[in-house]
1. Using amide H atoms built 1.01 Å from N in the peptide plane, name the residues 5+ places from Val6, or on other chains, whose amide H lies under 5 Å from its own.
2. Using only protein heavy atoms and a 1.4 Å probe, report how much of Thr115 is accessible, in Å² to the nearest 10.
3. If packing is taken as the average count of other Cβ atoms within 10 Å, what order do 128-137, 94-103 fall into, highest mean first?
4. Which FRET efficiency value, to the nearest 0.05, do you get for Thr163 and Glu28 by plugging their Cβ-Cβ distance into 1/(1 + (r/R0)^6) with R0 = 56 Å?
5. Please find the FRET efficiency linking Asp156 to Asp294, where r is the Cβ-Cβ separation and R0 is fixed at 56 Å, and quote it to the nearest 0.05.
6. Quick one: 3J(HN,Hα) in Hz for the range 21-35, Karplus 6.51/-1.76/1.60 with θ = phi - 60°, rounded, Gly and Pro as x.
7. Got a sec? What order do Glu113, Glu162 fall in by accessible area at 1.4 Å, biggest, i.e. largest, first?
8. Kindly list the residues of the range 132-149 that lie in the label zone of Leu191, defined by a backbone N under 18 Å from the point 7 Å along the Cα-to-C-beta vector.
Amino acid sequence: MPGRVVVLVSSPRVAPGLLSREAWSALERADAVHARRGEPQAAAVVEAGLAVTLHGADGSLGADGADDVQGTDDPAALARELVSAASADDAGDVVWVGSSDGDPGLNEAVAVEVTRLPEPPEVELLVASWDVPGARLLDVVAVMDRLRSPGGCPWDAEQTHETLVPYLLEEAHEAIEAIESGDRVHMEEELGDLLLQVAFHARVAQEHPEAPFDVDDVAGTLVEKLVRRHPHVFGDVEVDGASGVEANWESIKATEKAGRTHVLDGIPVSMPALARAQKAVTRLDRAGRGEVTDAVLASGTGQPDLGRRLLALVREARAAGVDAESALRQTLVELTTAADPR
């Protein structure tokens, strides 16, 4: 009686060997285990003491328990071998340890082989591990590393933090535009482009000769900051609603930035003037320094001063709970639509 072909599928984003109990049971009771030579998951199975028949000609695992054979990476030929091994009388289970690339074409090829036989073996697809949330971020890091490394993309290899600044700014604006458009597909794409800039800068930073850091350092610093500034979630501090959270955030931030020389330190000069004005007015008000804004607004020469009038409007917008920059952008959208001749 024919046996079974078990195709073991696992996430390449999970450490090799971290398989489900069901997957390890299938491997341990199998009559034969097959895998592609050089695959980390196959190496983990060999390391666990199981014999594995290796296929392909891209180098040897070099581990005890591996039956080193000259096989093929061709899906049709591999499927033929697996199905044939499981078709013999009392064949038992033949397990294929899936490769990190998902073995394109193998499942289809196995199906074709099975349909040719009068008494085919059973075929089971066994999921051995799943991606955890955020697992595709590992792919972003891996792809960025490939692009930046020797043999990758010449343009990517030439970039520096300084040359990437225009793209960071452009992608941030495009992400804002996508969010305000309400187009979810466009938003997903533009947020991805913005994420690329973070990954790119972190990869460039790895190569600094004196003060390198990488994407894990960036993520670690962010996690520490989020935990530190959310004591109402990760500690025992109590806050009263969203406004209390915001006030507490600013208080913690002020303590962290105690070394700055004045209250407006740290507001980027590259911000659009309207957004920068709102940030400055907001920070002065929260610091109890609203009289500084009053003094600037009152210091006109008597002649019309457009800058002070704009600053007064920014303060008015803040008092009304309106983001001045967003409000003006929305009006510009209306203006663009009205001017469109189509």
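1. Residues meeting the amide H criterion: Val94, Val95, Trp96, Glu124.
2. In the full protein context, Thr115 sits at about 110 Å².
3. On the way: 128-137: 12.7, 94-103: 21.2.
Descending packing order for the listed peptides: 94-103, 128-137.
4. With a Förster radius of 56 Å, E is 0.55.
5. My answer for the efficiency is 0.65.
6. 4, 4, 5, 5, 5, 5, 5, 6, 8, 5, 7, 8, 10, 10, 7
7. Glu162, Glu113
8. It comes to 132-141, nothing else.
The values are calculated or read from the model by the stated rules, or taken from the named source; none is laboratory data. This is a predicted model, so every value here is computed, not measured. Cβ: placed from backbone, ideal geometry, glycine included. Neighbour counts: every protein chain shown. Keep in mind that these areas ignore ligands, DNA and RNA; they rest on the heavy atoms of the full protein, side chains included. Shrake-Rupley method; radii C 1.70, N 1.55, O 1.52, S 1.80 Å.
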